[in-house]
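The values are calculated or read from the model by the stated rules, or taken from the named source; none is laboratory data. Keep in mind it's a predicted model, so treat the numbers as computed, not measured. Please note: Cβ atoms are built from the backbone with ideal geometry, for glycine as well, and neighbour counts cover all protein chains shown.
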Amino acid sequence: MPATDNSAGKMGAATEGTRASERLALLTADNASVPLPASVQAITAILLAALLIALPWLGLGYRFLSIAITTIYTAIGLYGLALQFGQAGIMSVGHAALMGIGAYTSAILSVQLGWGFWTTLPFAMAMSAIVGGVIGLPTLRVGGQHYIIITFCFCALFVIVLTNGGTFTGSATGLDVGSVTPLPGINFDKLSNNYYLVLAALFLALAATYLIGISRYGRTLRAIRENEQLARSVGINVDLHKLGVLMVSGLFAGLAGVLQLYYLRHISPTLFGAFPSLYLALMVMLGGARYLYGPLIGAIIVNFLPEVLNLDPVDSRIAYGVCLLLVILLLPGGVSAGIKNIYCAIAGGSEGQGGGSNGRA
Amino acid sequence: MRQLGLGLAVAAAGLAMALQTARADEELPIGVIAAQSGSFVSAGNTIVGAANLAAQQINDAGGIKVGDKTYKIKLYIRDNRTDVNVSIAAARELVNDIGVKAIWGTETHDFSVSMAKITGPAKVLQFSGNSSLGAVLDDKAVADDGWLHYAFQSEPQEWQRSGSTAKGVLSLLTPQLKSPPKHSVVFVGNDATGQYLSSHYVKALEAEGQKVDLVRYPPDTTDFSPLLTRIKGMKPDIVHFWYNGDSTLTAFPQALKLGVAPSYFLFGVDPGIYQERSLKADVPVTLSCVPVCWGSSPFPEVKQYFDKYFGLGAAKGPQSSVSLLYYDYFFWYAKALETVGKIDDPDAVVAELLKSDYKGVVSPVPLVFNKHHQVTFATEVCMVQPNTSDQFKCAVEQPPAAPPPGDNGG
C-alpha cells in the first residue's frame, strides 16, 4: 500500500510538474504571431489613448510630465528600431546616431537659415532616412553581429565628427534652438502642449507601425526575417526591402530626434553616442520588438524605473542588466509577450485564437 | 470664572504670538540641481555641500529680512543623475510644481543651458558655475527680454581664469627650471568643457610668450601612455593637464613614469588631494584649484570655510573647492532680496545684483557681476616642491584686464 501510494504520489507530482511547466511555457512563450481578438485590441488601444491623453490632467506634476515627454519621443525612435529589428530582423546599436542626424539637421537648418520646427522637420526626417539607407548598404553583404558592429562604429564616428565639427556642429558644446513655432492658438512653450505634440507624433508612429504590421509589406519583412534565402527564392527583392525598412526606421528616428531637440532646445554630441544607442537597443528588447506596444513599454520601463525606485545611474544599470537577463531567459518576446501571455492564460486559450488583426506590430 | 476668562485670554494671546512668529518666519524656496550620482558626482556634490552650508548659516543667523517679514531658506535638492533629461524634469518640478525663487546648478554646460530655457521664461534666477556659459551670455541673451536675463555665471570668464592661471603657473615654475620655459603642451579632454576651456588657455599661454601645442584625449580615457609618449617626443618644457581633475589624477602618474616633461601643471587638483594620495615627483609640479585650494590656502577665511564645509560631512575630493563657486552667491542673493524688499520681483533682484557687489570667501576683492552676468576673481596656483607631497608654495595672480590677442572673450 505504501508503495502504491508513493507511486500515485509520484505520478501526481509528475503530472503537477508537467502542468506547472506547461503553465510556465505558456506564460513565457513568444506568441507574437497569435492574434488577440479584435475587440481586445480595440479596447486596449482606446484605453491606452485615453490614458495618454488624460495624463496632463491627472495632476501628476511637471516632473512626471517631463519624463513622460522624454519617454514618448524615445518610444517614437524605438518604433523605427522595432520595425527593422522586430519585423525585418536587422538589429542596430547605433540608432541614437540616426536620431542625432535628424536633430542636428534640424538644428543646423535652424541656426544657419533661421528655419523653424515645422520647416526643418521634413528635411530632418528625410536626412535620417537617407543616412539610414546608406548605413544599411552593408546589410546587403553582411548581417547579424557584423552589421551591429558597423552601426556601433557609425555611432562612434558620428560623435567624433560632431565633436570636431567647429561652429557648424557647435563642436562638443552643441547647438541651441528656439521654441517650436506656435500654431494658431497653441503655444508649445507650455509643457502640456509640448506633451500633446509628442503624443500626436507617437500616435502617428503607432498607426504607421500597426499598418505596416498588418500589410503585405509587413508580411514580406517578416518573411525576410524568418528565412532570407527562402524569401529571395520566392521572388522577394530582399535587398530593396532591407534598405526600405532601414529608411523607414530612419524616418521614425529623425522625427524622434527633432522632437528631442525642441524639447531640450539644446543638443550636444554626447546625446547621440554609443551609450544612448545601447539604451535604445535595451529598451526595444525589454519591451518586445515584435509587439505593437513593445517599444512604448520598453521606453516606460527604462525612463520611469529610476524615478519610481529612486535608483542612481549605477543601480539603474544593474537593474536594467538583471531585467534584460530575465527577459532573455524567461520572456524572449519581451515584457509585452509576458503581458499578452498572462492575458491569454486568464482569458483562456480559446481567446488567443480570435479573429481580426493581431496584437503584434 | 474670572480665572477661566483670564486663562483663555492668556492662551489666546499666546496663540496670536505663535501665529505672529510663524508668519514672521516664512519660507524662501530655493532649488539645487546637481549630480549626486553618475559621472559628474564629484562636482555635483560640492554644489549640494555649499548650498547646505550657506542655507544653514543664513537661517541660523536669523534668516533673510525682506520688508517686514523674515524668510528662512528651504532647500529643494534634486539629483540630476548626470542626465540632461532628469535635469530638465527636475527644473520643471522646481519651477512649476514647487515654485522656487532661484536655482543653483548644474555642474555642466549642456544641462545649465537647457535649464536656463525653463528658468528664464519663469523668471527664476539661476546661478551656474560653468565658465562655458560665456559662449552664450551676450548682450542679446541677457537683455530684459533675453533668455538668459535671469542666469548668472558664478565662475569668472574663461579668458580671465586662464590668464590668471597661466601667469601663476609660469611665475612659480620659471625659477625652478634651468632655463625659462618656452614650449608648453596643453593636454585636455575632448568634450564640451575641455574644448571651450583649452581654447582660452592656449591663448593665455601664448600671451605669456609660450609656444603651445594642444593634444586632446577622448573622454573616459584610462590609458594615456600612447598620447603621453607622443607628447614626450615634442620635448615640452611644461605639460599642462588641463581640465578634469579626475582624469588628470589618472594621467599624471603615467606621465611621471614615462618622464614626459621637466615640469607639470595639474589643473583642478587640490594640494589636499596631492597630499592625501602621497603623490611625489622629482620635478616641479604646479596645481591649481577652482577657484581656491582647500588643502593649502593662505587665506584664513577660506580655511574657515573649508573647515565648516568638511565639518558638515562633505567629502574631500579633487573638486571640493568648486563649492566656492556656489557658496557666496547665496549671501549675495539674500543681500539683494533684503535691499529690494520683495521676494516676488525677480527683475528688481537682477537689477540689484548687477549694481551691487559682495565681499565673499572666494575672493579678497569684492565680487561684481559685469553686464553679461559674469564675475571676476583670481585663481590660486600652488607649487609642490620636488620629492615632497606636502610642501607647497602658492600664488594668486590677478586676471588680465583684457582678453589676450586672438581670444574673443566670452
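Some points to look at:
- Residue B:313 among the small types (Gly, Ala, Ser) and at pLDDT below 90: yes
- Taking every residue in the range B:307-330 that is β-branched (Val, Ile, Thr) and pairing it with any residue that is surrounded by 16 or more Cβ atoms within 10 Å (Cβ to Cβ) and modelled with pLDDT of 95 or more, at least 6 positions away or on another chain, yields no pair with a Cβ-Cβ distance below 6 Å.
- Wholly within the range A:191-255, helices (runs of 4 or more DSSP H) carrying at least 3 residues that are in contact (Cβ under 8 Å) with a residue 40 or more places away in the chain and closer than 30 Å to residue A:50 by Cβ: A:191-214
- Selection of strands (runs of 3 or more DSSP E) fully inside the range B:89-167 by the criterion of at least 3 residues being more than 13 Å from chain A (Cβ to nearest Cβ), surrounded by fewer than 22 Cβ atoms within 10 Å (Cβ to Cβ) and within 20 Å of the chain's Cα centre (by Cα) returns nothing.
- Residue check, residue A:160 over 18 Å from residue A:260 (Cβ atoms), in contact with a helix residue (DSSP H, G or I) (Cβ under 7 Å, 6 or more places away or on another chain) and not charged (D, E, K, R): no
- All of (1) of a type in the set (Lys, Arg); (2) in a helix (DSSP H, G or I); (3) at pLDDT below 90 hold for residue B:308 with one exception: (3).
- Flag if residue B:73 is outside any helix (DSSP H, G or I) and surrounded by 17 or more Cβ atoms within 10 Å (Cβ to Cβ): yes
- Residues satisfying the stated conditions in the range B:181-214, i.e. within 14 Å of chain A (Cβ to nearest Cβ), aliphatic (A, V, I, L, M) and part of a strand (DSSP E or B): B:188, B:214
- Among the criteria (1) touching a residue at least 12 places away in the same chain (Cβ under 8 Å); (2) away from chain B (no Cβ under 14 Å), the one residue A:274 does not fulfil is (2).
Yes or no, residue by residue, for (1) surrounded by fewer than 24 Cβ atoms within 10 Å (Cβ to Cβ); (2) within 14 Å of chain B (Cβ to nearest Cβ):
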| site | (1), (2) |
| --- | --- |
| A:72 | no, yes |
| A:113 | yes, no |
| A:126 | yes, no |
| A:144 | yes, no |
| A:160 | yes, yes |
| A:163 | no, yes |
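- Flag if residue B:86 is touching a residue at least 12 places away in the same chain (Cβ under 8 Å) and facing chain A (nearest Cβ under 9 Å): no
- Whether a residue is out of contact with any strand residue (DSSP E or B) (no Cβ under 8 Å at 6 or more places or on another chain), more than 14 Å from chain B (Cβ to nearest Cβ), at pLDDT 95 or above and crowded, with 24+ Cβ neighbours inside 10 Å was assessed, and residue A:296 passes this test.
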